[in-house]
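To start, the structure itself, in structure tokens.
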Amino acid sequence: MADFKDLGMKVAQNRQLSPQELADWGRLLNEITRTNSLIGSFVGPDNKENIVPKFPGVKVSLTSQAISNNLLTDLQWTTKDYDESYFFDSSQNTKIFFRTGGVYFINGVFTWATNGTGVRGAVLQINGVDYNGNLHNTVSGFQFANTISTEVTVVSGDYASVQVAQTSGGSLNCGVAFLAARLIR
């Protein structure tokens, strides 16, 4: 498969394409026309220009993180389930970065180890500022989960993170958790 950026330059300069390049260019145009799925490009962390899907999204998750009693703690995402536009950088694993501005639907679920003492809380932050969250009392004998579901308007370069807290009286695991974001307009 040819480099589409080079092909695009050849087409823009009215240079002749080889039969293989012409076939590759035709496949790209057919895909764009069929799905109307591209909105532009950006330079990613790899210093290469990347095509941006029309509705880029990301989902990050973790399987367990110990949370100290009565202390707001940033969740540290350990798995990138999908990432369509370099939202997630594992060297900054508490954040997802927005490469394209717009309105995003963000949702997350944050489960807790079974413990009936105290409250559990989760807050979505945009650029380190509280945006949306909840705090709930627990019920003895039941596993509990905090959820976040909201729309947020961001500009390119903004980031989202999640802080959680609990008051069980000791350390408690935030179990399976995920955070997902998808551009909606």
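The values are calculated or read from the model by the stated rules, or taken from the named source; none is laboratory data. Here the structure is a predicted model, which is why all the values come from computation and not from measurement. Cβ: placed from backbone, ideal geometry, glycine included. Neighbour counts: every protein chain shown.
Restricting to the stretch 91-121, name every residue that is of a type in the set (Gly, Ala, Ser), more than 22 Å from residue 183 (Cα to Cα) and touching a strand residue (DSSP E or B) at 6+ places or on another chain (Cβ under 7 Å). Matches in the stretch 91-121: 113, 118, 121.
When you scan the stretch 72-85, do you find a residue that is closer than 18 Å to residue 59 by Cα, outside any loop (DSSP other than H, G, I, E, B), among the basic types (Lys, Arg) and in the same structural domain as residue 59 (by TED's automatic domain parsing), even just one? Within the stretch 72-85 (the criterion being closer than 18 Å to residue 59 by Cα, outside any loop (DSSP other than H, G, I, E, B), among the basic types (Lys, Arg) and in the same structural domain as residue 59 (by TED's automatic domain parsing)), the answer is yes, since at least one residue qualifies.
For the stretch 92-185, the strands (runs of 3 or more DSSP E) that sit wholly inside it and include 2 or more residues that are in contact with a Lys or Arg (Cβ under 8 Å, 6 or more places away or on another chain) are 102-112, 129-137, 144-154, 159-166, 172-183. Would the stretch 160-167 turn up any residue that is modelled with pLDDT of 90 or more, out of contact with any helix residue (DSSP H, G or I) (no Cβ under 7 Å at 6 or more places or on another chain) and farther than 17 Å from residue 74 by Cβ? There is at least one residue in the stretch 160-167 that is modelled with pLDDT of 90 or more, out of contact with any helix residue (DSSP H, G or I) (no Cβ under 7 Å at 6 or more places or on another chain) and farther than 17 Å from residue 74 by Cβ.
If only residues of the stretch 125-147 that are in contact with a Ser or Thr (Cβ under 6 Å, 6 or more places away or on another chain) and closer than 17 Å to residue 94 by Cα are counted, the one that is surrounded by the fewest Cβ atoms within 10 Å (Cβ to Cβ) is 132.
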